[in-house]
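Visitor: A single structure is presented below for examination.
The values are calculated or read from the model by the stated rules, or taken from the named source; none is laboratory data. Since this is a predicted model, take the numbers as computed values, not measurements. We place every Cβ from the backbone using ideal geometry, glycine too, and count neighbours over all the protein chains shown. The protein model used for the area step is the full one, side chains on, heavy atoms only, and it has no ligands, DNA or RNA in it. Shrake-Rupley method; radii C 1.70, N 1.55, O 1.52, S 1.80 Å.
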Amino acid sequence: MIKYRSFVACLAFTLALAGSAVAQTTAAVPSPKSVLGFTPGDDRTIADWAQITDYFGRLDRASDRVLVQTLGQSTLKRPLIVAFISARENILALPKYKEIQQQLADPRRITQDIQRDRLLADGKVVVTISCSIHSTEIVASQMSMQFAYELATAQDVDTRAMLENTILLLIPSPNPDGIDIVADWYRKTLNTPYEGKEPPELYHHYAGHDDNRDWFMLNLKETQLITRFLWHEWFPQIVYDVHQQGSNGSRFFIPPFYDPPNPNISPLLLRQVGLIGHKVAADLQAAGFKGVLTNALYDTWWHGGFRTAPYYHNSIGILSEAASARLMTPSTVTKEQLTRASTRGMRNAVEVTTNFPDPWPAGSWGPRDIMAMEMISARSILSMASKFRGDYLRNFYELGRQNLERPLNPGEPIAYLIPAGQARDEAVAKMVGSLIDQGIEVFRLDHELHVALSPQALQRTNPVSEKLGTYKITGRTSAMQEVPSGSYIIFLTQPQRRNILALFEPQIYPNRLTAQGEAERPYDVAGWTLPLQMGIEAPAVVSIRELPNERKLTLLKDPNEVRADLALTLKKGDESPIKNPVKHSVRVGIYKPSLSNMDEGWTRFVFDTFNVPYSSIRDADIRRGALNSKFDAVILPSQSSTQIVAGNATGTFPPEHTGGITEAGVKNLKEFVSNGGMLICFDDSCDLAIKQFNLPLRNTLEGVKSSEFYCPGSIVTLEVDNKNPIAALLPETLPAYFINSSAYAAAADANVRVIARYAKENVLLSGWLLGEDKLRGQIALAEVSVGKGRVVLFGFRPQHRGQTWGTLPFIWNALSTAGSTSTE
């Protein structure tokens, strides 16, 4: 009895010491309020990126549950950080758990069941939470600090279990530059009539909102850094992307998603997405929150988003969209506004439906409301990951294993081929490099290989040419053909099988119409087939003569290996190694309006990538005139004529951000062209040139209802007059990107030089095209002489999102002819 009492006394003393140590450790962890001077989410407060990174640095130093890593620098040289948050013992063993993740992600590394079972028993569910990639959706970046603090200090049983069973990779924002753009603007406009308005500039230096459309192309530094971190190193089982939506609809969206799903997403993943989403919705409901919506608006069709990319890496992607305030200023939403709010899957925001069972009754809405819902959602996801740890790990492993199986049906693709000798070396290097960077295995042929190509693939792949160097398509059959060394091959028997199919196959978007017969707008684009956008032949292979042990192949590890293969300049650091393709020195001006324009940002990105010098032209520059003294060519990225001429209305922004080029600027553009300048217009901006310059063309699609014609973000075929210098060295048929774009007809006997037309048949290559007859044979690219100069009109966007490398030569060729009076 004495011994027992002594043991109890010692245990009590030990526990008291441990509790005291925990209390002291917790007390030493700084709260966000103690560092910032306010609690994140407080009305009319905002932390900039320096404050956010400073706080996470302090948390790292104070808590053994937190480790902060810098992944690299953003586009504008700010640190891009991630915070690992887990139990102390997990943080100390991060290399071990990273190795487990890498083995589970590639089942070929697991040779015995006992090895697999040990990994599944030992592993932790890795969860990534990413905040405020769209920096005007600012609240999540502020929330990240409070959420990290609570995980670092909480001592309750549930939190401890979450930390023991999961490893959280918390990204305060994948867009540090945008956080500062928004924070600086918000502070500048606080207590002014413009408080709460979004800034009038792109909140990513190049991409703006499109920074979340780059997750397979990997153009941007931020997507490159995070993709390598996630899909080369850590392979999270769950990725949660935290967003905000418009202010007048539902208060919070969480999956399940709306139709259509992408056919290359595993059904199991769709079920798991729905399961987690319903758990989040139930937890929000239990906490008393109203206005939670599921099964609406947001779909899983498109590839290229932060939350869609995980599906093709065998991981779960979750999206939430909270109703926005006015940045960090509360707003008032009326019942009338809720009644008018309508979207796919929600007729309005006041009607009770199964997917929207408890509408919000209107009233005041602020950052504190948003943050509370995001905190519950994040915690709910971690709770699910913790409670079903074994299930998530096993499902992740099994999805990768299933992708290693060969197709059961003869004639199904087993690989995709990128033949050598395509005369598009930079495009090949970019495409293969993007595949490598997202973890897809690409092999170089070190010796000839004999393959049979899919007849279907031959009919549907890029109609660039019938002869590619020494590789020759001998017919629409699957007869064995020799493929030269130096070609590249991507086998489908690898963990990212579904990613390869999603990038290489043409997309066939379902014909979805509303009850009124109008086209139902997809959430984003309908087609994106990568080889088509790049202008590269990449046929599907259905069989290979040589046995695996007879093939001489090299697995590529780095994009620079491809550049070395093709004798291209190697990439060093952040500078683009691509040589300027414009044949002579041209003074180029790219119009940068007073309101943000993503097409303008992507135009700058493409010019910077190809090292083509340019200057940005502002509204005031065009209003001042004398453009010929500064420029040989002026480019108007896609933008409506009204926006170009009028800009932001007076009173909506500070005066320096209002007004467009005005009628005076239109007059100066006319003089610029008449005096020998070249005006290049992309897509929507062609309307200004046609109507203001009285050009003998009309947009045949203007005013046409979507029930008669609709083509949202799809790839179509051009028929090209490659005798025109603007189309020099391009093939007679070429894919182009059409995103609700334009088609032109010329007046009879008009002096219009047609460079490309939409194909006369089989126009659609990938995506969705309703009313093809209205596009067939219409003008896609033309030039018109005006005085001593010329106007070049692109009915499509030749540089769309920096992805359409196949049509970029049109731009470089046009600029190479700038200064001449004609290209006839």
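Visitor: When both residues are 6+ apart or on different chains and their Cβ atoms are under 8 Å apart, which pairs have a first residue that lies in region 351-373 and is at positive phi, and a second that is open to solvent by 60 Å² or more (accessible area, probe 1.4 Å) and assigned to a strand (DSSP E or B)?
Guide: Every condition considered, the pairs that remain are G363/T332.
Visitor: What are the residues in region 591-641 that are assigned to a strand (DSSP E or B) and closer than 17 Å to P200 by Cα, if any? Walk me through how you get there before you give the answer.
Guide: Here is the first cut: in region 591-641, the residues assigned to a strand (DSSP E or B) are 591, 615-617, 633-636.
If the condition is that a residue be assigned to a strand (DSSP E or B) and closer than 17 Å to P200 by Cα, then Y591, S616, I617 are the ones that fit.
Visitor: Could I ask something else about it? Looking at region 332-378, which of its residues are in a helix (DSSP H, G or I) and among the polar types (S, T, N, Q)?
Guide: Narrowing region 332-378 to residues in a helix (DSSP H, G or I): 335-340, 367-378.
Residues satisfying the conditions are Q337, T339, S377.
Visitor: Considering only residues that are over 21 Å from L695 (Cβ atoms) and open to solvent by less than 30 Å² (accessible area, probe 1.4 Å), which ones fall in region 626-678?
Guide: Those that are over 21 Å from L695 (Cβ atoms) and open to solvent by less than 30 Å² (accessible area, probe 1.4 Å): G647, N648, F653, P654, T658, G659.
Visitor: Oh, and also: All but one of (1) open to solvent by 10 Å² or more (accessible area, probe 1.4 Å); (2) under 24 Å from the mean Cα position of the chain (by Cα) hold for G304, so report the exception by its number.
Guide: Going through (1) open to solvent by 10 Å² or more (accessible area, probe 1.4 Å); (2) under 24 Å from the mean Cα position of the chain (by Cα) one by one, G304 breaks only (1).
Visitor: Filter region 709-732 down to the residues that are under 24 Å from D687 (Cα atoms), out of contact with any helix residue (DSSP H, G or I) (no Cβ under 7 Å at 6 or more places or on another chain) and in a loop (DSSP other than H, G, I, E, B) and list them by number.
Guide: Within region 709-732, C711, P712, G713, N724 meet the criteria.
Visitor: Still on this structure: Between I167, I181, which is assigned to a helix (DSSP H, G or I), buried (at least 19 other Cβ atoms within 10 Å of the Cβ), in contact with a Pro (Cβ under 9 Å, 6 or more places away or on another chain) and at pLDDT 95 or above?
Guide: I181
Visitor: Is it the case that some residue within region 580-590 is of a type in the set (V, I, T) and assigned to a loop (DSSP other than H, G, I, E, B)? Walk me through it before giving the result.
Guide: Of all residues in region 580-590, those of a type in the set (V, I, T) come to 582, 586, 588, 590.
So of that shortlist, the ones also assigned to a loop (DSSP other than H, G, I, E, B) come out as 582, 586.
Within region 580-590 (the criterion being of a type in the set (V, I, T) and assigned to a loop (DSSP other than H, G, I, E, B)), the answer is yes, since at least one residue qualifies.
Visitor: Condition first: hydrophobic (A, V, I, L, M, F, W, C) and in a helix (DSSP H, G or I). Can you find one or more residues in region 190-213 that meet it?
Guide: Residues of region 190-213 that are hydrophobic (A, V, I, L, M, F, W, C), as a first pass: 190, 202, 207.
Then drop every residue that is not in a helix (DSSP H, G or I), which leaves none.
No, that holds for no residue.
Visitor: Suppose we filter region 698-730 for residues that are touching a residue at least 12 places away in the same chain (Cβ under 8 Å), in contact with a Leu (Cβ under 7 Å, 6 or more places away or on another chain) and more than 27 Å from P510 (Cα to Cα); how many remain?
Guide: Qualifying residue count, region 698-730: 1.
Visitor: For region 530-559, give me each residue that is open to solvent by 40 Å² or more (accessible area, probe 1.4 Å) and part of a helix (DSSP H, G or I).
Guide: P548, N549, E550 - these are the residues of region 530-559 that are open to solvent by 40 Å² or more (accessible area, probe 1.4 Å) and part of a helix (DSSP H, G or I).
Visitor: Which numbered condition in (1) over 23 Å from A502 (Cβ atoms); (2) among the charged types (D, E, K, R); (3) open to solvent by 10 Å² or more (accessible area, probe 1.4 Å) is the only one that R251 fails?
Guide: Of (1) over 23 Å from A502 (Cβ atoms); (2) among the charged types (D, E, K, R); (3) open to solvent by 10 Å² or more (accessible area, probe 1.4 Å), only one is false for R251: (3).
Visitor: Scan region 42-87 for residues that are touching a residue at least 24 places away in the same chain (Cβ under 8 Å) and either touching a His at 6+ places or on another chain (Cβ under 7 Å) or of a type in the set (V, I, T) (or both) and jot them down.
Guide: Within region 42-87, T45, I46, I52, T53, V66, T75, L76, I81, V82, I85 qualify.
One line per residue, one yes/no per condition, for (1) at pLDDT 95 or above; (2) more than 17 Å from I500 (Cβ to Cβ); (3) in contact with a Pro (Cβ under 9 Å, 6 or more places away or on another chain); (4) hydrophobic (A, V, I, L, M, F, W, C):
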site	(1), (2), (3), (4)
L408	no, yes, no, yes
E412	no, no, no, no
L417	yes, no, yes, yes
A420	yes, yes, yes, yes
A427	yes, yes, no, yes
M431	yes, no, yes, yes
S434	yes, no, yes, no
G439	yes, no, yes, no
L445	yes, yes, yes, yes
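Visitor: Does K572 fit the bill of being surrounded by fewer than 16 Cβ atoms within 10 Å (Cβ to Cβ), basic (K, R) and in contact with a helix residue (DSSP H, G or I) (Cβ under 8 Å, 6 or more places away or on another chain)? Working first, answer last.
Guide: Details: surrounded by fewer than 16 Cβ atoms within 10 Å (Cβ to Cβ): yes; basic (K, R): yes; in contact with a helix residue (DSSP H, G or I) (Cβ under 8 Å, 6 or more places away or on another chain): no.
No, not satisfied.
Visitor: Filtering region 89-135 down to residues that are polar (S, T, N, Q), in a loop (DSSP other than H, G, I, E, B) and open to solvent by 10 Å² or more (accessible area, probe 1.4 Å), which residue is farthest from P176 (Cα to Cα)? If you could, list the steps in order and put the result at the bottom.
Guide: Restricting attention to region 89-135, the residues satisfying the condition of being polar (S, T, N, Q) are 90, 101-103, 111-112, 115, 128, 130, 132, 135.
Next, only the ones that are in a loop (DSSP other than H, G, I, E, B) stay: 111-112, 132, 135.
Of the ones still in play, those that are also open to solvent by 10 Å² or more (accessible area, probe 1.4 Å) are 111-112.
Details: T111: 42, Q112: 44 Å.
Once the filter is applied, the top-ranked residue is Q112.
Visitor: Hey, can you tell me all the residues within region 733-751 that are surrounded by 15 or more Cβ atoms within 10 Å (Cβ to Cβ) and in a loop (DSSP other than H, G, I, E, B)?
Guide: Result: I739, N740, S741, S742, A743.
Visitor: Among the numbered conditions (1) surrounded by fewer than 20 Cβ atoms within 10 Å (Cβ to Cβ); (2) among the hydroxyl-bearing types (S, T, Y); (3) within 23 Å of the chain's Cα centre (by Cα), tell me where T603 comes up short.
Guide: All conditions pass for T603, except number (1).
Visitor: Filter region 763-802 down to residues that are outside any strand (DSSP E or B), open to solvent by 10 Å² or more (accessible area, probe 1.4 Å) and polar (S, T, N, Q), then give me how many there are.
Guide: Final tally of qualifying residues: 1.
Visitor: Inspect region 60-78 for any residue being basic (K, R), at pLDDT 95 or above and farther than 20 Å from S132 by Cα and give the result as yes or no. Spell out how you get there, then give the answer.
Guide: We begin by selecting, within region 60-78, every residue basic (K, R); these are 61, 65, 77-78.
Among the residues that remain, those that are also at pLDDT 95 or above are: 61, 65, 77-78.
From the residues that got through so far, the ones that are farther than 20 Å from S132 by Cα too are 61, 65.
Checking region 60-78: at least one residue is basic (K, R), at pLDDT 95 or above and farther than 20 Å from S132 by Cα.
Visitor: Based on this model, can you work out whether I644 counts as β-branched (V, I, T), at pLDDT 95 or above and assigned to a strand (DSSP E or B)? Lay out the reasoning, then the answer.
Guide: Working: β-branched (V, I, T): yes; at pLDDT 95 or above: yes; assigned to a strand (DSSP E or B): no.
Against the criterion (β-branched (V, I, T), at pLDDT 95 or above and assigned to a strand (DSSP E or B)), I644 does not qualify.
Visitor: What number goes with the only condition from (1) farther than 28 Å from L730 by Cβ; (2) buried (at least 21 other Cβ atoms within 10 Å of the Cβ) that F443 does not pass?
Guide: Result: F443 passes all but (2).
Visitor: Open to solvent by 60 Å² or more (accessible area, probe 1.4 Å) and either in a helix (DSSP H, G or I) or among the hydroxyl-bearing types (S, T, Y) (or both): which single residue out of R58, R44 fits that description?
Guide: Working: R44 fails: either in a helix (DSSP H, G or I) or among the hydroxyl-bearing types (S, T, Y) (or both).
Answer to the selection: R58.
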